[in-house]
Amino acid sequence: MALNEYDVSSLMDITSRPDLVFVKGQGSWLEDNSGKRYLDFIQGWAVNCLGHSAPEMKQALVAQADKLMNPSPAFYNEPSIALSLRLTQASCFDRVFFANSGAEANEGAIKLARKWGRVKRNGAYKIITMDHGFHGRTLATMSASGKPGWGTMFAPQVDGFPKADLNDLASVEALIDDQTVAIMLEPVQGEGGVIPATKAFMQGLRRLADTHNLLLIVDEVQTGMGRCGTMFAYQLSDVVPDIMTLGKGIGGGVPLAALLARQDVCVFSHGDQGGTYNGNPLSTAVGVAVFDALAAPGFLDGVKARAQQLQKGLMTISGKHGMGGERGHGLLRALILDRDDGPAIVEAARTRAPEGLLLNAPRPNLLRFMPALNVTEQEVATMLKQLDELITAVRKG
């Protein structure tokens, strides 16, 4: 069945989509409307941490749907309480606000920092962010992002987000003034090219924040929930942030995000923050199931083992084809190409027969890998073998 069997005219045209419709998925595999299968190393852009149609998630959805879906965030509900306790006990934070998307969580973090600046810092409001960073698609989070071209797309920008350079502490320090309230960054810049912040840089930011009485905000929408081999990526640097945001993997595929903060930063008054679906029991029940799967004995050891396998395999491919190596943490990794043929490799991978392979090229000279965290050893080996063959074919073609 071709795409022309479907009437897609009612969908707003906001991105270029291939001529296929996905109809089912299981684990690391997707199937389209023609019956073709695809090995998925995108997983909804690091969303499906347990793969497609995870049994733990299905069970939680069905069980909770039989009980209660949404009583309104004006009331407590059991799953949101259970998930908030799990998150705070696993981290350095004391309080949680649940949201529906990473952008919404980051918007909340910006609001919380600005409110803290009004209460504790004489109205300080500027948040130093990083060039090439990515924090979402609302007006404020686009302004906070350092993605090229975003400054004029929906101008005027929201004021107050000076940009520093990742892993350049001096560039951050040079931007601090009396109106600075916080420093915000991704521990690994995902959209920016899978560029990790160094441990020294993260620790230096913590010292700068302490010296100048600033908040340190980590955007872990992509790096959190086991993606980097630890439950949260900030733990790799032995720092204690003041605010953290989560999204993507926290819901494993259902809309769920979170804003976490230390107690002395929680200055919201009643009415400052809210949302119709925030903390709804259907999504947070799934979040509990996802968290428990990630926190199970040995799970993160498996992530680290597959990460080591993927890293070694990508380095072998890089060496064979004269590329620039690989980088990343855990199962958020990138292969640095020696030419701008990333999109061609992605296209060849998807159209490969009889089974396709789903890859991502956030930049023309880069391939990004975000498999399910429970991807198998054989699936990683299969992807690496196919990738090597595809690169060879594209460069001969």
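Computed from the coordinates by the stated procedures, all read-outs in this text should not be read as laboratory data. Keep in mind it's a predicted model, so treat the numbers as computed, not measured. For neighbour counting, all protein chains shown are included, and Cβ atoms are generated from backbone atoms with ideal geometry for every residue, glycine included.
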Got the relative contact order for segment 108-182 handy, in percent, Cα pairs under 8 Å and 6 or more residues apart?
-> 36
Give, in nm to one decimal, the length gained when the segment between Phe154 and Met315 is fully stretched (0.36 nm per residue of separation minus the Cα-Cα distance).
-> 54.0 nm
Label model pair Val267, Ala170: point-to-point distance (7 angstrom along the Cα→beta-carbon line) in nm is 3.2
Model label zone, Glu377; criterion: amide N under 17 Å from point 7 Å along Cα-to-beta-carbon; scope segment 306-330 | 306-314
When we measure straight from the Cα of Lys120, which lysines land under 22 angstrom away, once same-chain ones fewer than 8 places off are left out?
-> Lys111
Value of [θ]222 nm, deg cm²/dmol, for the chain, DSSP H segments ≥ 4, -39500 (n - 2.57) each, nearest 500 | -11000 deg cm²/dmol
Which distance in nm do the two modelled labels at Arg395 and Gln179 give, with both placed 7 Å along the Cα-to-Cβ direction?
-> 5.0
Can you work out the FRET efficiency for the pair Asp340 and Lys147, with r the C-beta to C-beta distance and R0 = 30 Å, to the nearest 0.05?
-> 0.95
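Which of rounded, prolate or oblate describes segment 55-295 when judged by the alpha-carbon gyration tensor and an a/c cut-off of 1.5?
prolate
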Return the lysines within reach of Lys24: Cα separation strictly under 19 angstrom, same-chain partners fewer than 8 residues apart disregarded; answer none if there are no such residues.
-> Lys36, Lys58
For Lys163, the lysines lying under 17 Å Cα to Cα, once residues fewer than eight places off in the same chain are dropped, come out as Lys126, Lys147
Please give, to one decimal in nm, the separation of the simple spin-label points placed at Glu31 and Lys199, each 7 Å out from Cα toward the Cβ.
-> 4.6
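Provide the gained length on full extension for the span Thr88 to Asp13, in nm with one decimal, where the gain is 0.36 nm per separating residue minus the Cα-Cα distance.
Extending this stretch completely gives an extra 23.0 nm.
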Compute the length gained on full extension between Asp238 and Trp45: take 0.36 nm times their separation in residues and subtract their Cα-Cα distance, giving the result in nm to one decimal.
-> 66.8 nm
Peptides 158-164, 140-146 ordered by average Cβ neighbours within 10 Å, highest first | 140-146, 158-164
Any idea what the relative contact order of the chain is, in percent, if you count C-alpha pairs under 8 Å spaced at least 6 apart?
-> 22
Based on the alpha-carbon gyration tensor of segment 10-158 and its eigenvalue square roots a ≥ b ≥ c, which shape applies: rounded if a/c is under 1.5, prolate if not and a/b is larger than b/c, or oblate?
-> oblate
Just check segment 303-376 against the gyration tensor rule for me: Cα atoms, a ≥ b ≥ c as the square roots of the eigenvalues, rounded for a/c under 1.5, and otherwise prolate or oblate depending on whether a/b exceeds b/c.
-> oblate
Taking R0 as 25 Å, what's the FRET efficiency between Asp388 and Glu355 from their Cβ-Cβ distance, rounded to 0.05?
-> 0.95
